[in-house]
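The values are calculated or read from the model by the stated rules, or taken from the named source; none is laboratory data. Everything quoted here is computed from the prediction, not taken from an experiment. Here Cβ is always computed from backbone atoms with ideal geometry, including for glycine, and neighbour counts include all displayed protein chains.
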Amino acid sequence: MKNDLIYQSSEYDCGPTSVTNAIRFVFEREEILPGLLKHIWMMGNDTYCEKGCIGCHGTSKSSMRYMADWFNEYGKGWKFPIAAEFLENEATDIKPASKAWACLKKGGCAVMRCTTGNIPHYVLLTAILPEGEIGLFDPYDEEPEFTEPGRRVIHGAPKQYNRAVKYDLLNLQDESDYAQGPFSIREMLLIWRKDEKNPAPEETREE
């Protein structure tokens, strides 16, 4: 049985919430071990604010990179069918033939750093939709009123997504809602179910 995806508990935990949602999206509830979830929350919210409060600048890129390595080692050690890959810079572009696209097509997902309301944020990409849209789950429980085309709210799919955004808007190098921004700050964590039929998602030549 698949779980509903969840919303963050504070203003700062979009990172570990989105990674937890990745596990909930890819795996059945009966498969998920508590140690896996515990470690996600131990790795997330690793930054400090000016007052020295832990977590108040969210989750760092180095933590997301470490999570990818940890998931792969966890999969080997516990014989759990998980695999992950950390992408950054130009490699995070979402388009046909990209690694992110291949991961979504095979039933995987992608934790993506973006901007919402001019604030850095993590969301979970879960599906390729018709008309050039990507289905994503935004863990911030506040329904926006989009004034620009190409972004819309989705209701009734709590196990998959709550937004649909044109993929070319996700690739913008600015601070518009759900844009990844400049290549220098981009990061993405791919997570998928690993078995003989699902090797690592590879970039392919666009036909």
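Out of region 49-87, which residues are out of contact with any His (no Cβ under 7 Å at 6 or more places or on another chain), surrounded by fewer than 20 Cβ atoms within 10 Å (Cβ to Cβ) and part of a loop (DSSP other than H, G, I, E, B)?
Result: GLU50, LYS51, GLY52, CYS53, GLY55, CYS56, HIS57, SER60, LYS79, PHE80, PRO81.
If ALA97 satisfies all but one of (1) part of a loop (DSSP other than H, G, I, E, B); (2) within 30 Å of PRO144 (Cα to Cα); (3) in contact (Cβ under 8 Å) with a residue 60 or more places away in the chain, what's the number of the condition it fails?
(2)
Name the single residue, out of those in region 155-193 being charged (D, E, K, R) and buried (at least 20 other Cβ atoms within 10 Å of the Cβ), that is farthest from ALA84 (Cα to Cα). Before you say what the answer is, go through the steps one by one.
If we filter region 155-193 for residues that are charged (D, E, K, R), which is where we start, we get 159, 163, 166, 168, 174-175, 177, 186-187, 193.
When the remaining residues are screened for being buried (at least 20 other Cβ atoms within 10 Å of the Cβ), the result is 163, 177, 186-187.
Details: ARG163: 23, ASP177: 26, ARG186: 17, GLU187: 13 Å.
This residue is ASP177.
Condition first: among the aromatic types (Phe, Trp, Tyr) and at pLDDT 95 or above. Can you find one or more residues in region 105-125 that meet it? Show your work before the answer.
Within region 105-125, the first condition is being among the aromatic types (Phe, Trp, Tyr), and the residues that meet it are 122.
Retained after the next criterion (residues that are at pLDDT 95 or above): 122.
Scanning region 105-125, I find at least one residue that is among the aromatic types (Phe, Trp, Tyr) and at pLDDT 95 or above, so the answer is yes.
Checking the condition farther than 20 Å from CYS14 by Cβ and at pLDDT 95 or above, which residue from ALA157, ALA102 passes?
On the way: ALA157 fails: farther than 20 Å from CYS14 by Cβ.
Unique residue meeting the criteria: ALA102.
Yes or no: ALA84 touching a residue at least 24 places away in the same chain (Cβ under 8 Å) and either of a type in the set (Lys, Arg) or under 22 Å from MET43 (Cβ atoms) (or both)? Break it down stepwise before answering.
Working: touching a residue at least 24 places away in the same chain (Cβ under 8 Å): yes; either of a type in the set (Lys, Arg) or under 22 Å from MET43 (Cβ atoms) (or both): yes.
It is true that ALA84 is touching a residue at least 24 places away in the same chain (Cβ under 8 Å) and either of a type in the set (Lys, Arg) or under 22 Å from MET43 (Cβ atoms) (or both).
Please go through (1) in contact with a Lys or Arg (Cβ under 8 Å, 6 or more places away or on another chain); (2) assigned to a helix (DSSP H, G or I) for ILE40 and return the number of the only condition it doesn't satisfy.
Answer for ILE40: the failing condition is (1).
Somewhere in region 190-203, is a residue modelled with pLDDT of 95 or more, part of a loop (DSSP other than H, G, I, E, B) and either closer than 21 Å to ASP13 by Cα or among the aliphatic types (A, V, I, L, M) (or both)? Step through it out loud before you land on a result.
In the first step, residues of region 190-203 are kept if they are modelled with pLDDT of 95 or more; the result is 190-193.
Filter again for part of a loop (DSSP other than H, G, I, E, B), leaving none.
The answer is no, given that none of the residues of region 190-203 is modelled with pLDDT of 95 or more, part of a loop (DSSP other than H, G, I, E, B) and either closer than 21 Å to ASP13 by Cα or among the aliphatic types (A, V, I, L, M) (or both).
Pick out the one residue from LYS76, LYS61 that is free of Cβ contacts under 8 Å to residues at least 60 places away in the same chain and farther than 19 Å from LEU136 by Cα. Full working, then the answer.
Details: LYS61 fails: free of Cβ contacts under 8 Å to residues at least 60 places away in the same chain.
Just a single option satisfies the conditions, and that option is LYS76.
Considering region 112-127 alone, what residues qualify as being within 18 Å of SER176 (Cα to Cα) and part of a strand (DSSP E or B)? Spell out the reasoning first.
Quick first cut of region 112-127, residues within 18 Å of SER176 (Cα to Cα) only: 112-125.
Result: MET112, ARG113, CYS114, THR115, THR116, ILE119, PRO120, HIS121, TYR122, VAL123, LEU124, LEU125.
Out of (1) buried (at least 18 other Cβ atoms within 10 Å of the Cβ); (2) part of a strand (DSSP E or B), the odd one out for ARG152 is which?
Unmet condition: (1).
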